[in-house]
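Worksheet: one structure, shown below.
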Amino acid sequence: MQWSRIHVEMPHSSSETDARLEIGDSGLDATAEQMHGEFMSSSPHLEETMKEHESVISDLSKSIEASKTMSRDFRPVGEILSELGGEISGREISIPLPTSLPEDLVVESVNQEEGALVRLIAPERFGGIIRHFSLNEGDSIAGARWSNGRLVLELN
């Protein structure tokens, strides 16, 4: 199968993100040992954090296994929309996606005699979703855009 990547249009953002690193009081001249010391001294609940980390990793492992199982099969578009809370309105499919990385969305499509197949990858910091689905016969993707937390697929 030869997949074609669909460009997802992103709205222009007027807000800028301040991505400065927290480097502490030592500044840029700090050694690794000093920075580690500051980190350890500023984490009074390190034990609680480690327990929470273990819980998160356990939950993610279960979620990843479930996602891997669900992502292996091509399901009808209606099933995917039901699962993700999406909808079809006219010639558009709208899918809400819980991603903080919409610029990394991957939408790929391949046209076949039975209809188009779609691969959707919505990455997240610790996982994400991968879904494969088939469009209704005769439908194909004309374009895609990100709008208010939703992926909107425009159909031909």
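Data overview
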quantity	calculated
Residue in the range 67-78 that is among the hydroxyl-bearing types (Ser, Thr, Tyr), assigned to a loop (DSSP other than H, G, I, E, B), at pLDDT below 75 and exposed (fewer than 13 other Cβ atoms within 10 Å of the Cβ) present	no
Every residue from the range 105-121 that is at pLDDT below 90 and either among the charged types (D, E, K, R) or touching a Gly at 6+ places or on another chain (Cβ under 6 Å) (or both)	Glu113, Glu114
Scope the range 5-31; condition modelled with pLDDT of 65 or more and not in a helix (DSSP H, G or I); matching residues	Arg5, Ile6, His7, Val8, Glu9, Met10, Pro11, His12, Ala30, Thr31
Qualifying residue in the range 101-112 (condition: assigned to a loop (DSSP other than H, G, I, E, B), of a type in the set (A, V, I, L, M, F, W, C) and in contact with a Ser or Thr (Cβ under 8 Å, 6 or more places away or on another chain))	yes
Options Gly90, Gly85, Gly115: the member that is small (Gly, Ala, Ser), touching a Ser or Thr at 6+ places or on another chain (Cβ under 6 Å) and over 19 Å from His7 (Cα atoms)	Gly115
Residue among Gln2, Gln34 that is at pLDDT 80 or above, over 22 Å from the mean Cα position of the chain (by Cα) and under 30 Å from Glu114 (Cβ atoms)	Gln2
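Residues checked against (1) in contact with a strand residue (DSSP E or B) (Cβ under 9 Å, 6 or more places away or on another chain); (2) under 22 Å from Arg150 (Cβ atoms); (3) not polar (S, T, N, Q):
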site	(1), (2), (3)
Ser58	no, no, no
Leu84	yes, yes, yes
Glu87	yes, yes, yes
Pro98	yes, yes, yes
Asp104	yes, yes, yes
Glu113	no, no, yes
Gly138	yes, no, yes
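Residues checked against (1) loosely packed, with under 13 Cβ neighbours inside 10 Å; (2) among the β-branched types (Val, Ile, Thr); (3) at negative phi:
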residue	(1), (2), (3)
Lys62	yes, no, yes
Pro102	no, no, yes
Ile121	no, yes, yes
Gly149	yes, no, no
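The values are calculated or read from the model by the stated rules, or taken from the named source; none is laboratory data. Source: prediction; values computed, not measured. Neighbour counts are summed over all protein chains in view; Cβ atoms, including those assigned to glycine, are modelled from backbone coordinates with ideal geometry.
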